[in-house]
Amino acid sequence: MNRSAATIQAVGRTRISLPVLAGASLVLVTTALAFVFFVAPNDADQGFSQRIFYFHVSIAITAYGCFAGAAWKALRHLWKRDPRADLESYVFVHQGVIFGTLVLLTGSIWAKISWGHWWLWSEDQLVLFLVLFLFYCAYFMLRFSVDPGPQRANLSAVYALFGVVLIPVSFAAIRLSKQLIHPVVFTRDGPNFHGWILVTYCLAQVALPVLAYTLYRLELSAKRLDGRLRDLREVLA
Amino acid sequence: MGYARDVGALARKDLLLELRARDTLPAMLLFVGSVFVVFHFALPGTSSRLATAGLLWVAILFTALLGLGRAFVPEREQRTFDGLVLAPCDRSAIWLAKSLATLAFLVAAELVALPLYALFFHSVGGATVAAVALADLGICGVGTFLGAMAVATRARDLILPLLFLPLAMPIVVGAVGATVVDSPGRYLGFLALYDLLFAVICWASFEYVVAE
């Protein structure tokens with residue numbers, strides 16, 4: 001009990017407080033939105049609709065980040081037996097699935113405007129996110145059909161680790177299965193966009209991970225509080 | 001050396017059990033035959049080689065799923081899983097032995113399914129056979145691993161396909177690619193890479209699936 005209290009305190013000292021994070025993500029996301037709509041110029045080729053890309057791409061990278069975070073925490077659970085890692089890994093997967101759903105939605109909207117179809121199998125990233133979405137939804141099925149305890153933590157952790165292996169393998173598989181249509185923004189010569197477009201993109205790319213991290217911390221603290229309440233209730237009963 | 005003997009003994013146990021009870025293999029054979037008949041009526045008229053090649057892989061995948069779902073049922077029904085985990089052998093040997101036993105069932109089912117496919121639809125080439133062999137390794141390795149996970153849950157049979165199908169997507173891409181293109185080298189290489197990668201992960205992490 002003393003040890004866990006000490007860890008929580010130590011963690012509290014090193015981490016940025018939740019209200020500060022929430023304020024930062026509010027300011028960043030609002031600024032990014034303002035830049036997307038008012039500052040960034042229209043794309044010469046695709047016009048106004050191209051603006052969804054600033055968020056689409058940033059959300060996708062944030063979702064990858066969440067899945068990677070989940071795998072990292074899963075590894076910490078299996079390797080170091082870190083008692084907090086299981087819940088952290090789960091919350092990361094949860095955030096990853098939320099952002100993954102947003103990728104599917106923004107991607108669909110863009111596909112509809114650009115090509116007139118809500119869904120295109122020729123879209124590498126979109127198909128990959130569909131596979132990942134199904135994979136990580138099964139994570140929840142798995143997790144919630146095992147009673148809480150060490151076994152649930154182990155199974156969840158192993159499955160989350162499978163996820164980071166599946167991402168590159170599926171990506172390679174999708175590339176293998178079709179021709180390439182997705183616009184590639186970063187080439188070997190560096191990003192092929194400049195000025196305000198680059199600034200807007202970078203802003204969105206910073207804003208969304210901060211937002212994801214804020215949500216992650218929020219959910220984590222709520223879940224921990226939940227757990228503590230349950231423990232207290234058991235003690236009282 | 002001791003490891004190989006453990007794996008051999010465990011795999012032999014499963015094969016012997018199947019030989020006596022005949023639970024899994026007849027069901028798989030009957031299933032794959034019925035699926036082909038359903039496919040014939042599901043396909044419009046005379047369908048192309050491409051379409052039936054895809055269906056061959058759907059049939060193989062679902063037949064495998066049937067076998068994988070049964071893999072850990074005896075352990076569960078007879079409550080022998082704890083005995084396996086407590087046995088003085090490396091835990092990964094349990095995974096390897098189960099995978100080999102399931103592989104044996106799947107290969108036996110395919111020895112009937114592929115000629116049947118050739119009879120009903122189109123001839124089967126050497127590349128397809130190679131793809132079947134490589135895909136089987138991946139299907140059984142990953143599927144057995146997930147089967148052990150699924151059997152620990154309340155949902156059990158329900159959850160295995162949900163866990164398995166997203167992970168099997170790359171296998172389908174490699175296998176169908178190898179079946180339909182003229183130079184299947186890249187696809188076969190991809191399948192081999194998949195097998196190797198996931199075999200290493202399964203082998204290394206099976207310990208955590210069965211131990212608390």
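No lab work stands behind these numbers, since they all come straight from the coordinates. Values in this document were obtained by computation on a predicted structure and should not be read as measured data. Positions of Cβ are generated from backbone atoms using ideal geometry, with glycine treated the same way; all protein chains shown enter the neighbour counts.
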**Report entry** For residues of A:109-117, the mean tally of beta carbons on other chains within 10 Å
**Finding:** 0
Query raised in the report: Using the Kirkwood formula over every pair of different C-alpha atoms, what hydrodynamic radius in Å results for chain B?
Result: 17.7 Å
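From the helices alone, meaning DSSP H stretches of at least four residues, give me the mean residue ellipticity at 222 nm for the protein assembly as shown, per-run term -39500 (n - 2.57), in deg cm²/dmol to the nearest 500.
On the way: 16 runs with 357 residues, N = 449.
Mean residue ellipticity, 222 nm, calculated: -28000 deg cm²/dmol.
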Report summary line: Check: C-alpha center region B:1-72 vs C-alpha center region B:162-201, spacing in Å is 17 Å
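Compute the relative contact order of chain A as a whole-number percentage, counting only Cα pairs closer than 8 Å that sit 6 or more residues apart in sequence.
32 percent
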Query raised in the report: Can you pull the Rg over Rh of region B:41-109, Cα-only, Kirkwood?
Result: 1.21
Report task. Determine the gain in length on full extension of the stretch B:Leu43-B:Asp90; use 0.36 nm per residue of separation and subtract their C-alpha separation, reporting nm with one decimal. Result -> 12.2 nm
Query raised in the report: Residues of B:155-164, mean number of Cβ from any other protein chain within 10 Å of their own Cβ, rounded to a whole number?
Result: 3
**Report entry** Coordinate range along principal axes, alpha carbons of the protein assembly as shown, Å, largest first
**Finding:** 69, 63, 39
Report task. Provide the descending list of Cα extents for chain A along its principal axes, expressed in whole angstroms. Result -> 66, 40, 32
Requested in this report: Counting only C-alpha contacts under 8 Å and six or more residues apart, can you give the relative contact order of region B:1-121 as a whole percent?
Outcome: 49 percent
Query raised in the report: Counting only other chains, what is the mean number of Cβ atoms within 10 angstrom of the Cβ of each residue in peptide A:142-152?
Result: 4
Query - Reach of B:Lys98 by Cα under 23 Å, taken over lysines that are not fewer than 8 positions away in the same chain - result: B:Lys13
Requested in this report: Using label points projected 7 Å from each Cα along Cα→Cβ, tell me how many nm separate A:Leu105 and A:Asn42, to one decimal.
Outcome: 2.7 nm
Query raised in the report: Taking Cα atoms of region A:71-151, Rg/Rh with Kirkwood Rh, to two decimals?
Result: 1.13
